[in-house]
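Notes to accompany the following structure.
The values are calculated or read from the model by the stated rules, or taken from the named source; none is laboratory data. It should be emphasised that the depicted structure is a prediction, and the values quoted were computed from it without experimental measurement. All Cβ positions, even for glycine, are placed from backbone atoms using ideal geometry, and neighbour counts span all protein chains on display.
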Amino acid sequence: MLKLVNFIDESFDKQYNTLLWRNSECVSKYFLIKSINPEVHIKWLESLHESKPVNIAFFINYKNEDVGVTYFKHINYNNKIADWGIYIYKIEARNKGIGSIVLKNCIKYAKDELNLDELYLDVLSSNHRAIKLYENMGFCVLSKNNNVIRYRKNLKGRSYDN
């Protein structure tokens, strides 16, 4: 029913089209940066193909349809940390528990595949549903700046975040 498909396993055209998703009004309102230009997007797509990528992205496929994107960014393999993000582009796929399932899978991937110790994320303080999800999943507030909340989750052994 739900699967994550690595960007690098899909065509460049399909990858590139996510720029339209990310810049759409229904998605961009959840980001501090409201619009990404094509050059920045292409540079990001190219970074996914590095031998030790600092960015990794997945299509969120729900009921055989791509409905959004989840990603790790700023992966620091030496410090064992990364930032994580998600957006659901298809409005009809929202409020179905997809975010929770994706986050659980991404936490497991961060621990088991990337060997990370900590995961970080930023969320607009107006995004109450996301905040509830992150706090329910053991993320703790690290800082609050203007309208952005920075969260951290410890991925090692017994969590100090719970």
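Scanning segment 37-57 turns up no residue that is assigned to a strand (DSSP E or B), out of contact with any helix residue (DSSP H, G or I) (no Cβ under 7 Å at 6 or more places or on another chain), among the polar types (S, T, N, Q) and closer than 25 Å to K111 by Cβ.
Given the conditions (1) surrounded by 11 or more Cβ atoms within 10 Å (Cβ to Cβ); (2) more than 22 Å from L4 (Cα to Cα); (3) modelled with pLDDT of 95 or more, report the number of the one that H128 does not fulfil. Result: H128 fails condition (1) only. Restricting segment 26-47 to residues that are touching a residue at least 60 places away in the same chain (Cβ under 8 Å) and exposed (fewer than 14 other Cβ atoms within 10 Å of the Cβ) leaves a set whose member that is farthest from Y87 (Cα to Cα) is L32. Inspect all residues belonging to segment 108-118 and state whether any of them is surrounded by 14 or more Cβ atoms within 10 Å (Cβ to Cβ) and over 16 Å from L155 (Cβ atoms). There is no residue in segment 108-118 that is surrounded by 14 or more Cβ atoms within 10 Å (Cβ to Cβ) and over 16 Å from L155 (Cβ atoms). If you check L121, L114 for being in a loop (DSSP other than H, G, I, E, B), under 30 Å from S51 (Cα atoms) and either at pLDDT 95 or above or of a type in the set (S, T, N, Q) (or both), only one passes: L114. Considering only residues of segment 131-140 that are in contact with a Leu (Cβ under 8 Å, 6 or more places away or on another chain) and in a helix (DSSP H, G or I), which is farthest from N55 (Cα to Cα)? Residue satisfying both the conditions and the ranking: L133. Pick from D66, D122, D117: which is in contact with a Phe, Trp or Tyr (Cβ under 6 Å, 6 or more places away or on another chain) and acidic (D, E)? It is D66. The residue that is modelled with the lowest pLDDT, counting only those in segment 134-162 that are touching a Gly at 6+ places or on another chain (Cβ under 7 Å) and closer than 20 Å to E113 by Cα, is S159. For K80, state whether it is on the phi > 0 side of the Ramachandran plot, surrounded by 15 or more Cβ atoms within 10 Å (Cβ to Cβ) and not aromatic (F, W, Y). Taking the combined requirement at face value, the residue satisfies it. The residue that is farthest from A130 (Cα to Cα), among those in segment 89-104 that are touching a residue at least 40 places away in the same chain (Cβ under 8 Å) and under 13 Å from the mean Cα position of the chain (by Cα), is Y89.
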